[in-house]
Amino acid sequence: MGKTGELFEELVSIMEKLRSPEGCEWDRKQTHESLKPYLIEECYELIEAIDKKDDETMKEELGDVLLQVVFHSQIAKERNAFSIDDVVEHLKSKLIRRHPHVFGDSPAYSYKQWEDIKAQEKGKKKSSRVGEINPLVPALSMARRIQENAAQVGFDWDDIEGVYEKIEEELEELRKAKNTDEAEEELGDLLFSIVNLSRFLGVDPESALRKATRKFVERFRRMEEMIERDGLMLEELSLRELDEYWNKAKGGDEE
């Protein structure tokens, strides 16, 4: 057994100890359901580290995500459902099965082949080339994935200009919305088109929106600090005065 295998076995043993009667009270109390928020949190912290290109933090957050995998597997083992060995074996088999161009006789990668294999795994005779909607995936990420799948079979804009034109069209339709239901539909169409634009630009929309939100929060906090230093109350300022402070706060983005 190589070092990686030994380290992994030690990790699994540590988790078994933590869940044992002699282990940690908090760890023993956890269930699949109670751990869900931690799994989501760790995934987003990993994404943030990736966005920042911070290798040290990425290394730590990858470990935290791996911890969740080992934690859930140990709980499942205690239920006699499955073990970490089953998880690894299932993943190994799936990787080999879904890459016949690497591990089999298929001559090259094929998107159609990939989707057909996935459909067979799920007991379906035929898969949709556009994929399926997972209600748990963030909407922007799901829209991007669906669009990528459609583009794989040629259902896509010829160039980015077509995407810009579509955005302008959807924006105009949103302006003409007569009620909330229409506005919701047209806003959805506009957002879907903007995701298409992000794909053409090679930008992840989820990441872009997170960065924009973070930037807004940082600017707003700087604006609050400026207002407080001037002995004023934010709530008592006019919109024009707030806009002046906002522009000053924007000037600090490069600091």
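The values are calculated or read from the model by the stated rules, or taken from the named source; none is laboratory data. Every value quoted in this text rests on a predicted model; they were computed, and no experiment measured them. Here the Cβ is made from the backbone with ideal geometry for all residues, glycine too, and neighbour counts use every protein chain on show. Areas reflect the complete protein model, heavy atoms only, side chains present, ligands, DNA and RNA absent. Shrake-Rupley method; radii C 1.70, N 1.55, O 1.52, S 1.80 Å.
For region 61-72, the tally of residues that are surrounded by 14 or more Cβ atoms within 10 Å (Cβ to Cβ) and small (Gly, Ala, Ser) stands at 0.
Restricting region 1-12 to residues that are surrounded by 12 or more Cβ atoms within 10 Å (Cβ to Cβ) and without any contact (Cβ under 8 Å) to a residue 12 or more places away in the chain, which is nearest to the chain's Cα centre (by Cα)? Out of the qualifying residues, it is PHE8. Among the residues of region 73-86, those identified as open to solvent by 50 Å² or more (accessible area, probe 1.4 Å) and either at pLDDT below 95 or assigned to a helix (DSSP H, G or I) (or both) are LYS77, GLU78, ASP85, ASP86. Could you give me the residue pairs with C-beta distances under 8 Å whose first residue belongs to region 55-72 and is in a helix (DSSP H, G or I), whose second residue is open to solvent by 70 Å² or more (accessible area, probe 1.4 Å) wherever it lies, and which are 6+ apart or on separate chains? Once the first residue is in a helix (DSSP H, G or I) and sits in region 55-72, its partners that are open to solvent by 70 Å² or more (accessible area, probe 1.4 Å) give MET58/ILE50; GLN68/TYR38.
The number of residues in region 173-222 that are open to solvent by 70 Å² or more (accessible area, probe 1.4 Å), charged (D, E, K, R) and touching a residue at least 40 places away in the same chain (Cβ under 8 Å) comes to 1.
For GLU148, state whether it is touching a residue at least 12 places away in the same chain (Cβ under 8 Å), in contact with a Ser or Thr (Cβ under 6 Å, 6 or more places away or on another chain), of a type outside the set (Ser, Thr, Tyr) and open to solvent by less than 70 Å² (accessible area, probe 1.4 Å). Spell out the reasoning first.
On the way: touching a residue at least 12 places away in the same chain (Cβ under 8 Å): yes; in contact with a Ser or Thr (Cβ under 6 Å, 6 or more places away or on another chain): no; of a type outside the set (Ser, Thr, Tyr): yes; open to solvent by less than 70 Å² (accessible area, probe 1.4 Å): yes.
Taking the combined requirement at face value, the residue does not satisfy it.
Within region 48-87, being closer than 17 Å to ARG28 by Cα, under 20 Å from the mean Cα position of the chain (by Cα) and of a type in the set (A, V, I, L, M, F, W, C) holds for LEU67, VAL69.
Across region 93-138, the qualifying residues are those that are among the aliphatic types (A, V, I, L, M) and touching a residue at least 12 places away in the same chain (Cβ under 8 Å), and the one among them that is most open to solvent (accessible area, probe 1.4 Å) is ILE133. What do you reckon, is ILE40 under 26 Å from SER20 (Cα atoms), of a type in the set (A, V, I, L, M, F, W, C) and part of a helix (DSSP H, G or I)? Yes, satisfied.
If you go through region 33-50 and pick out every residue that is over 13 Å from LEU67 (Cα atoms) and not aliphatic (A, V, I, L, M), you end up with 6.
Condition test on ASP230, is it over 26 Å from ALA49 (Cα atoms), within 25 Å of the chain's Cα centre (by Cα) and either in contact (Cβ under 8 Å) with a residue 12 or more places away in the chain or surrounded by fewer than 17 Cβ atoms within 10 Å (Cβ to Cβ) (or both)? No; evaluated as a whole, the condition is false for this residue.
When region 13-47 is limited to residues that are in contact with an Asp or Glu (Cβ under 9 Å, 6 or more places away or on another chain) and in contact (Cβ under 8 Å) with a residue 24 or more places away in the chain, the one that is farthest from GLU78 (Cα to Cα) turns out to be ILE47.
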